[in-house]
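To keep things clear, I will list the structure first and then write my remarks on it.
The values are calculated or read from the model by the stated rules, or taken from the named source; none is laboratory data. Just so we're clear, the structure is a prediction, and the values are computed from it rather than from any experiment. When the accessible area is computed, the model is the full protein with side chains, heavy atoms only, and any ligands, DNA or RNA have been set aside. Shrake-Rupley method; radii C 1.70, N 1.55, O 1.52, S 1.80 Å.
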Amino acid sequence: MSYVDGFVCAVPTEKREEYREHAAKAAQLFKKYGAERVVETWGNDVPDGKLTSFPMAVQCKDDETVVFSWISWPSKEVRDQGWANFMKDPSCEEQLNPMPFDGKRLIYGGFETLLDE
């Protein structure tokens, strides 16, 4: 089964295109190191919650939009090696910094695929 890294962050709404360009560069690097697919989605129906929600989780401000993203890898082993190579690649620092969002409010994690229909 495949392995997935998932991410949720708040991006300044006015930086949508800058974020898309940033994500496209990152996607090429991830694919270089074994990712099968990189998906970036821009929230347009992400309600505030009373107890929990995506906006609450990333402390989304009025002038920001929630972004939900994932990277599919063939296995956790490929993912672990891919991330190690990604972080060592000088292109990572040169092309991806500074990030067009507050990385301190980024939520991320790795997930074993349970069902893929």
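Counting heavy atoms of the protein chains only and a 1.4 Å probe, report the per residue accessible area for segment 67-117 as a whole number of Å².
That works out to 69 Å² per residue.
If I fit a long axis through the Cα atoms of helix 76-88 and take the longest principal axis of the Cα atoms of the chain, what angle between them do I get, 0 to 90°, rounded to 10?
80
Using every pair of alpha-carbon atoms in segment 49-117, split the distances into 10 Å bins beginning at 0 and state the percent of pairs per bin, rounded to integers.
14, 36, 35, 14, 0
Where the accessible area of segment 1-96 is counted over protein heavy atoms with a 1.4 Å probe, how much of it, in %, is carbon and sulfur?
Accessible surface attributable to carbon and sulfur in segment 1-96 totals 51 percent.
What are the ³J(HN,Hα) values, in whole Hz, obtained from phi via the Karplus relation 6.51 cos²θ - 1.76 cosθ + 1.60 with θ = phi - 60°, for each residue of segment 109-117 in sequence order, with x given for Gly and Pro?
x, x, 9, 7, 5, 9, 8, 9, 8
Just to compare against my own numbers: the Cα pair-distance distribution for segment 6-69, 10 Å bins, whole % per bin, please.
21, 48, 24, 7, 0
Output the 0 to 90 degree angle, nearest 10, between the alpha-carbon long axis of helix 16-32 and the longest principal axis computed from the alpha carbons of the chain.
With both axes taken from Cα atoms, the answer is about 20 degrees.
Over the Cα atoms, compute the radius of gyration (one decimal) and Dmax (the largest Cα-Cα distance, rounded to a whole number) for the chain, in Å.
In order Rg, Dmax, the Cα atoms of the chain give 14.7, 43 Å.
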